[in-house]
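Computed from the coordinates by the stated procedures, all read-outs in this text should not be read as laboratory data. Keep in mind that what you see is a predicted model, and the values were worked out from it rather than measured. Here the Cβ is made from the backbone with ideal geometry for all residues, glycine too, and neighbour counts use every protein chain on show.
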Ligand code: ADP
Ligand code: MG
């Protein structure tokens, strides 16, 4: 479904940094993939390209056979909002808003009515085991609970692919296990999951692993 063909990304800050060297990679519907590698090896660069947060310097990126590299930012944004969900290390929840409001905000630009957003938000919070915390401010929640709210926000609009960048980076081992269990459940129910991590246990939970080293991807 997601096809990178000779995709590279470089940055030019006075000198050239090849953050991702030309990479050909196919991700199929329903896969659960971990991307590992040391800090600075290009993991976030690859994830941001796959999630259409960023554009390649060269190469083609096809989603379900459609070349995305020639699309406008608006078209790319529409596809991104419809079929992708994102989870980041730092949660990015709004303080002063309840858990359910945070989850609804993730669907603000989607096709659903206010009522549709509310019922999907409740459903998503139930899915992550936080139905009873729906009216709580994230500031009163533990790191593990906050990340589960962030996961609920990412999946409430029913995306096809969930991209996670170091989702357990701020969590202790008990909460890491909870988040991993949740990712596994979501994948089992059909969601494609792509997780960037430098935690060996998180990587080991994924059936397919990609290793990055200095912008080069190896399968293994
Ligand atoms: P990782 O997520 O594995 O730590 P990144 O993908 O963030 O690595 O970065 C890969 C390389 O690209 C690093 O050398 C980093 O410094 C560089 N890089 C990332 N983003 C930028 C940017 N916006 N401008 C310049 N260099 C960048
Ligand atoms: Mg990174």
**OP:** Using only Cα atoms, find the angle between the long axis of helix 173-188 and the longest principal axis of the chain, and express it within 0 to 90 degrees, rounded to the nearest 10.
**Re:** 80 degrees
Original post:
Once both axes come from the Cα atoms, what is the angle between helix 143-155 and the longest principal axis of the chain, in degrees from 0 to 90, rounded to 10?
Top reply: 70 degrees
Original post:
Helix 114-127 versus the longest principal axis of the chain: what angle, 0 to 90°, nearest 10, using Cα atoms?
Top reply: 80 degrees
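Got the relative contact order for region 1-101 handy, in percent, Cα pairs under 8 Å and 6 or more residues apart? Spell out each step's value before the answer.
Values: 117 pairs, mean separation 29.1, N = 101.
RCO, region 1-101: 29 percent.
I'd like to compare 82-88, 46-52: which one has the highest average count of other Cβ atoms within 10 Å, and what's the full order after that? Spell out each step's value before the answer.
Details: 82-88: 20.7, 46-52: 22.3.
With the highest mean Cβ count within 10 Å placed first, the list reads 46-52, 82-88.
Before rounding to the nearest 500, sum -39500 (n - 2.57) across all DSSP H runs of length at least 4 in the chain and divide by the residue total; then give [θ] at 222 nm in deg cm²/dmol.
On the way: 7 runs with 74 residues, N = 220.
-10000 deg cm²/dmol, from helical runs alone.
Apply the a/c threshold of 1.5 to the C-alpha gyration tensor of the chain and tell me whether it is rounded, prolate or oblate.
Details: a/c = 1.85, a/b = 1.43, b/c = 1.29.
Cα axes put the chain in the prolate bin.
Can you give the FRET efficiency for residue 170 and residue 24, using 1/(1 + (r/R0)^6), R0 = 30 Å, r = Cβ-Cβ distance, to the nearest 0.05?
That gives a FRET efficiency of 0.35.
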Original post:
Given the options 191, 25, 71, which has the most mean-square fluctuation in a GNM of the chain, springs set between C-alpha atoms less than 10 angstrom apart?
Top reply: 71
**OP:** Can you grab the distance from the C-alpha centre of region 12-50 to the C-alpha centre of region 136-181, Å, no decimals?
**Re:** 22 Å
Original post:
Over the chain, what is the percentage of antiparallel beta bridges among all DSSP beta bridges, to the nearest 5?
Top reply: 55 percent
Subject >> Average Cα contact separation per residue, the chain, under 8 Å, 6 or more apart, as relative contact order % >> reply: 30 percent
Original post:
Order of 159-168, 121-130, 15-24 by packing, highest average Cβ count within 10 Å first?
Top reply: 159-168, 121-130, 15-24
